[in-house]
1. Between Gly352, Gly205, Gly22, find the one with the highest GNM mean-square fluctuation for the chain; connect C-alpha pairs within less than 10 Å.
2. Could you size up the charge dipole of the stretch 14-220 around its Cα centre, putting +1 on the beta carbon of Lys and Arg and -1 on that of Asp and Glu, and report it in debye to the nearest 20?
3. For the stretch 237-244, just list the computed ³J(HN,Hα) in residue order, Karplus coefficients 6.51, -1.76 and 1.60, θ = phi - 60°, integers in Hz, with x standing in for Gly and Pro.
4. Give, rounded to the nearest 20 debye, the magnitude of the charge dipole that the chain has about its Cα centre when Lys and Arg contribute +1 at Cβ and Asp and Glu contribute -1 at Cβ.
5. 222 nm [θ] for the chain, helices only, -39500 (n - 2.57) per DSSP H run of 4+, per residue, to 500?
6. Given H placed 1.01 Å from N in the peptide plane, which residues other than close sequence neighbours of Val164 have an amide H under 5 Å from its amide H?
7. How long are the three semi-axes of the equivalent ellipsoid of the stretch 234-385, in whole Å, if each is the root of 5 times an eigenvalue of the C-alpha gyration tensor, listed from largest down?
8. Answer with one residue from Ile216, Leu47, Pro332: the one whose Cα lies farthest towards the positive end of the charge dipole of the chain, charges on Cβ with Lys, Arg +1 and Asp, Glu -1.
Amino acid sequence: MLKKGLHSGVLMSFTQFHFHPGIQSGIRDAGYTSPSPIQQKAIPPILDGKDILGLAQTGTGKTVAFVLPILQHLLKTPRTASSAAPSALIMAPTRELAEQIHESITLMASHTPIKSVAVYGGVGKHLQIKALKQGVDIIVACPGRLLDLMNDKALSLKGIDILVLDEADQMLDMGFLPDIRRIIRAAPKKRQTLVFSATMPKMIGNLVQDILNHPIKVQVNQTGPAPRIAHGRFNVQREKRTALLKTLFAKNGMASTIVFTRTKHKAKSLAVQLKKSGFNAVSLQGNLSQNQRRRAMDGFRSGSFKILVATDIAARGIDVSGVSHVINYDLPDTVETYIHRTGRTGRVNQPGQAYTFTTREDNKTIILIEKALGRKMTEESLLPA
């Protein structure tokens with residue numbers, strides 16, 4: 001969810017967009033003051049009904065950038081009893097992000113009659129189907145479960161007039177392109193389509209050409225690192241990484257830390273090892289049930305867990321305030337993934353610290369990362385007591 005008070009150099013207000021009074025009340029309840037750069041650029045053309053290609057990192061406020069205009073559109077064109085099909089569809093790559101978007105809609109729409117539902121796998125279909133039967137305006141969905149429900153005749157996309165693809169690059173990385181194309185074919189051709197992505201790989205370019213109609217491109221710090229994050233690296237043998245990690249936690253007094261690993265197995269086993277050593281840790285990875293994932297995220301957000309050990313897919317799109325440190329236990333494959341991971345800290349103009357465990361074999365990747373950062377990583381050795 002967007003943090004309070006994000007803004008660019010020019011102080012602006014959400015009142016400039018002339019949202020419905022019910023939406024304005026939701027904005028005030030959330031404590032939002034001035035719109036972030038992506039909101040300033042994206043909201044006006046979305047309100048005008050234009051298709052959008054938005055390039056922005058997670059945490060820049062893009063969820064609110066598309067949620068608020070969708071609510072405005074729905075309030076201007078309310079559903080009738082004879083048209084009970086949902087009007088807006090938002091697709092997201094992970095269950096956590098779908099739930100997060102749904103929560104944002106619920107907050108923003110709390111003073112309106114608009115209803116939304118999140119549909120994703122890992123849980124039973126019964127409650128999702130029940131919500132759909134009762135009538136919803138907005139569906140927030142992961143592609144796989146959405147197709148299941150469509151195949152079950154539990155919902156129709158014939159009434160969709162706004163379609164959003166959020167974290168589109170991640171959805172394509174996860175192999176969802178065939179599912180996305182099937183879903184888009186089931187939606188009306190006459191619609192408004194919004195695509196948001198952190199990066200612009202070739203597949204996204206091809207998809208955009210196919211599904212967007214004369215889109216307006218909105219770009220905010222597409223791959224730029226957050227300026228208030230300090231970046232350090234530890235040269236450490238692979239078999240000594242866990243010992244180093246425990247030393248870091250024991251000596252540095254980290255308030256809230258995300259540790260990134262490459263694999264689900266490593267995330268699980270590392271969290272177990274940390275817990276056995278007395279650290280308040282939990283894992284977030286794809287083998288967990290939805291209830292386990294929710295408990296992990298809720299506990300990390302509330303501070304019950306100080307350490308979250310996560311894979312990239314599990315953590316994609318997760319927005320948690322107050323993360324003081326990010327640790328790359330395993331070096332990511334790409335510069336973009338490094339920027340995304342480390343961007344979990346240093347949010348809303350707060351300072352953050354990123355540490356990366358490296359070996360000599362990683363030097364080429366480190367050079368590329370430092371080029372993107374525009375500065376050298378600090379070479380860490382002895383830690384303060």
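1. Comparing Gly352, Gly205, Gly22 in a Gaussian network model of the chain, the most mobile one is Gly205.
2. Using Cβ point charges on Lys, Arg, Asp and Glu, the stretch 14-220 gives about 600 debye.
3. My calculation for the stretch 237-244 gives 5, 4, 6, 9, 5, 5, 5, 4 Hz in order.
4. Roughly 560 debye for the chain.
5. -12000 deg cm²/dmol
6. Leu89, Ile90, Met91, Leu194
7. Square roots of five times the eigenvalues give 23, 17, 16 Å.
8. Projecting each Cα onto the dipole axis, the largest value belongs to Pro332.
Each value in this text was obtained by applying a stated rule to the coordinates, not by laboratory testing. The structure presented is a predicted model; accordingly, all values stated were derived computationally and were not measured. Positions of Cβ are backbone-derived with ideal geometry, glycine not excepted, and every protein chain shown enters the neighbour counts.
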